[in-house]
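See structure below.
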Amino acid sequence: MIDAIEIPVTRVKESKLKTLALENLPFGKYFTDHMLEAEYADGEWKSVEIKPYQPLELDPSLAALHYGQAIFEGIKAYKDAEGNAFVFRPYDNFRRFNKSAERMNMPTVPEDIFIEGMRQLIELDSNWIPSIKEHSLYIRPFMFSTDTMLGVRPSETYKFLIILSPTGPYFATPMKIAVEEQYTRAAAGGVGFSKNAGNYGGSMLAATVAKQKGYDQVLWTDAVEHKWLQEVGMMNVFFVIDNKVITPSLEEGTILAGVTRDSVIKVLKELGYTVEERKINIDELTEAYKKGTFQEAFGTGTAATIALIKELKYKDLVMQFDVDNVELAPRVKQHLTDIRDGKIADKYEWLFKI
Ligand SMILES: *Cc1c(COP(=O)(O)O)cnc(C)c1O
């Protein structure tokens, strides 16, 4: 437990909830009444406050807009059947946020601002957590550089904010995926493991080109041979071959260490599956497919939890999966839902009470 810091709060005069029903809201479009904002200057975090959600006033020379020191996180809060609010694994996001910060040459954010600030903000806006099945409150912490000057160097000032968005349900429709052989998302030594804004900016064209060809997203491959598999769109990827589960390993730093990825691995092992975290290349998939042992492929991430892949295209080979009859992915998804709903004991202490 950390000491509760005193965060000054300015409340809204009237809640926007009066005119909004928390049902079937699209992802990330509506925001709660309040936000948290902190400023970094002179080597320290100062002026942390919770205030009404509002636009920011930004100088046109703002460093983040030009040189991209900008990182973020995505976390979810839920309410259980009794109306208790909790957040799923926020400490893992907190640690990852600071890894992203270090890689982008930004200051880390202390636990009392990130975790305790988030807790106080959610507590204040707890009416905004939907209590409907498959609905949640999406939490978006983010940080960006705020020096106003065009010289290229790490900024000396930053803003850290947390905003909250009620959403759901998220229908993860099975995806058609094309193996990417031209563009690259991440290379060894790069920034692929950090959740920085530029990774998203750099990936959009590949997804747009894939969409023009009738695919939902791409399966990213390595920068050198375009053979070694990394992630599917902005999700981690899992393959089931011959009843074994394989997911790309993290050691090269080209893959974002997903919290959902980690949860899925732990649950799979608990359910008795063999999970291999290792390098895997596209030839292994195509050979398994031809032999009839490639059973399932799916992506994992906070927004969708698990999204099935129904079609995977590599060169002339179109691999198809009978998503209505896969076993493993729905089983893991249900297990994670049951932990969240309190039907299965939270033995890893993933649930953080508000
Ligand atoms: C956020 C993200 C993921 C998923 O991480 P979770 O912690 O499971 O939400 C996977 N890949 C990329 C590139 C991401 O940015």
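The values are calculated or read from the model by the stated rules, or taken from the named source; none is laboratory data. All values reported here derive from a predicted model rather than from experimental measurement. As a convention, Cβ positions derive from the backbone with ideal geometry for all residues, glycine included, and neighbour counts pool all protein chains shown. The protein model used for the area step is the full one, side chains on, heavy atoms only, and it has no ligands, DNA or RNA in it. Shrake-Rupley method; radii C 1.70, N 1.55, O 1.52, S 1.80 Å.
Tabulated values for the structure
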quantity	calculated
Val12 paired with Lys269, simple spin-label distance in nm, labels 7 Å along Cα-to-beta-carbon	4.3 nm
Difference of contour (0.36 nm per residue) and Cα-Cα distance, Asp338 to Asn325	2.6 nm
Sites matching chymotrypsin sites (Phe, Trp or Tyr not before Pro) across segment 81-187 that sit in DSSP coil, with at most 14 neighbouring C-beta atoms within 10 Å	Phe171
Percentage of interatomic Cα-Cα distances in segment 175-340 larger than 23 Å	33 percent
Mean Cα-pair separation over length for segment 175-340, i.e. relative contact order, pairs under 8 Å, 6 or more apart, %	24 percent
Accessible area in square angstrom per residue, segment 16-169, 1.4 angstrom probe	44 Å²
Cα-only Debye scattering, segment 16-169: base-10 log of I(q)/I(0) at q = 0.10, 0.19, 0.20 Å⁻¹	-0.37, -1.15, -1.23
Accessible surface, segment 308-354, averaged per residue in Å² (probe 1.4 Å)	60 Å²
Segment 16-169, accessible surface, carbon-and-sulfur percent (1.4 angstrom probe)	50 percent
Cut-off 20 Å, label 7 Å out along Cα→Cβ of Lys315, residues of segment 215-233 by amide N	218-230
GNM result for the chain, Cα springs below 10 Å: residue of Ala223, Ala70, Ala303 fluctuating most strongly	Ala223
Among Lys315, Lys266, Lys76: highest mean-square fluctuation, GNM of the chain, C-alpha pairs under 10 Å	Lys315
Size descriptor, Kirkwood hydrodynamic radius, that averages inverse alpha-carbon separations across segment 151-191, Å	16.3 Å
Gyration tensor verdict on segment 236-296 (Cα atoms; rounded if a/c is under 1.5, prolate if a/b is larger than b/c, oblate otherwise)	oblate
Additional length obtainable on full extension of the chain from Arg95 to Asp242, 0.36 nm per residue less Cα span	49.4 nm
Local net charge near Tyr67, Cβ-Cβ under 11 Å (Lys/Arg +1, Asp/Glu -1)	0
Of Arg89, Arg119, Arg11, the one that fluctuates the most in a GNM where the chain has Cα springs shorter than 10 Å	Arg11
Pair Tyr30, Lys213: separation of 7 Å Cα→Cβ label points (nm)	3.9 nm
Cα gyration tensor category, rounded, prolate or oblate, for segment 58-101 with a/c compared to 1.5	oblate
Unsatisfied cross-links (Cα-Cα over 24 Å) in the set Lys279/Lys343; Lys211/Lys279; Lys211/Lys310	Lys279/Lys343; Lys211/Lys279
For the chain, alpha-carbon Rg over 2.2 N^0.38 Å	1.02
Normalised contact order of the chain, rounded percent, pairs of Cα under 8 Å and 6 or more residues apart	18 percent
Inter-label distance for Thr157 and Lys353, nm, one decimal - labels placed 7 Å from Cα along Cα-to-Cβ	4.1 nm
Violating pairs (Cα-Cα greater than 30 angstrom) within the set Lys99/Lys176; Lys79/Lys269; Lys213/Lys290; Lys51/Lys353; Lys159/Lys353	Lys99/Lys176
